[in-house]
Each structure stands twice: as structure tokens, then as C-alpha cells.
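Remarks on the structure that follows.
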């Protein structure tokens, strides 16, 4: 499992439990990045600081309601964006359309970058699957991509169920070893869904 993901979960749990040191660590880790994002939205230094402060305040205030697995950085980005949109609705109705469009465009750009990153990682996973030994690759694809059971694979290939299990174990071990930690979570998700 990705160490950043584990670290994030540890921070989420610590913050949920009211650990102020963990919260200060989160502020130290993300403040500058979140501030520059806020400033890019509003193009105003004072307002950007207010938006970021409000996001961290909400994180602390709503800490008990934050779900395990929540990515703190993503939560803060979303909070700043929502705070910015709320600010626009309250104080700048005349420029609401322009600012909303601008914020949504930035949101779409961020989503597109995220999707491109996921696509890139999927390609890396697919390349590593291609590098598996032929039988492992064949069994792995029948299991994970075609959704066949071990019994169905054994019948289809004319091999024993134990051999199918052995190939799957070997394929998963090889893929875990070859794939970097950051991609392992994506790999597990992709091949559980299919």
C-alpha cells in the first residue's frame, strides 16, 4: 500500500481524535499549496488567506465527520473552492457568472490532469501485465478482466484449480513487486472492479 496513503489515513485518524500536533503537521504540509490555489481563484492575497483559513477551520470543526480514506489535500482544495464560490454568491453577484466559470474551468483542468494521471498509471499497469509469463498473464486476464472463476479458468485451459491459483498468486506477487507503491492501489482497484 502506498506510504502516502497510509500517512494520510494516520493523519485523518489523529485529527479525528483531536490531535492538534497532527493538525499542525497538516497545516504545515499543505498551507502554501492550498494558498496558491486560493489566490489563483480570487487573485486577492487577503481573500486567499481567508479562504484557506476557513478551509482549515472547517477541517478541524468537522474532523469527527471526515471519513477514513479521505484525502486531506483533496478535501482542502474542494473546501477552498466551495468557500470561494460562497464568497462570490454573497459579495460579488455582479461578477458571479465570470468567477463561477473561472472556478469551474480550474476545476475541470484539475479533473482532466487527474484523469490523465490515472490513464498514465493504467498504461503502466497494463505494460506490467504484458511482461508476465504467458500462462500467468493468460490466467490473470481470464480472472481479472473476463471475470471467470478459478473453476471456469481451469476448465477453459484444461489445468487444475491449484495451478490456476498458483498462476494468480505468482502474477499478483510479480505485479506488486514491479509496480511502484503509488500505482499499487490503482492496480488493486482496477482489477477488483473488472
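The values are calculated or read from the model by the stated rules, or taken from the named source; none is laboratory data. Not measured: the values here are computed from a predicted model. Here the Cβ is made from the backbone with ideal geometry for all residues, glycine too, and neighbour counts use every protein chain on show.
So for segment 102-110 (the condition being at pLDDT below 90 and within 30 Å of residue 178 (Cβ to Cβ)), does at least one residue qualify? Before the answer, list the steps.
We begin by selecting, within segment 102-110, every residue at pLDDT below 90; these are 102-110.
Pick out the ones that are also within 30 Å of residue 178 (Cβ to Cβ) and you get 110.
Yes; the residues of segment 102-110 include at least one that is at pLDDT below 90 and within 30 Å of residue 178 (Cβ to Cβ).
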- Message: Cβ-Cβ under 8 Å, sequence separation 6+ or interchain: first residue in segment 155-179 and under 11 Å from residue 128 (Cα atoms), partner loosely packed, with under 15 Cβ neighbours inside 10 Å and modelled with pLDDT under 90. Which pairs?
- Response: 178/131
- Return the residue satisfying two criteria in turn: it lies in segment 30-49 and is surrounded by fewer than 15 Cβ atoms within 10 Å (Cβ to Cβ) and in contact (Cβ under 8 Å) with a residue 24 or more places away in the chain, and of such residues it is nearest to residue 89 (Cα to Cα). 40
- Item | helices (runs of 4 or more DSSP H) (entirely within segment 139-194) containing at least 1 residues that are in contact with a helix residue (DSSP H, G or I) (Cβ under 6 Å, 6 or more places away or on another chain) and modelled with pLDDT of 85 or more | 150-157, 161-178
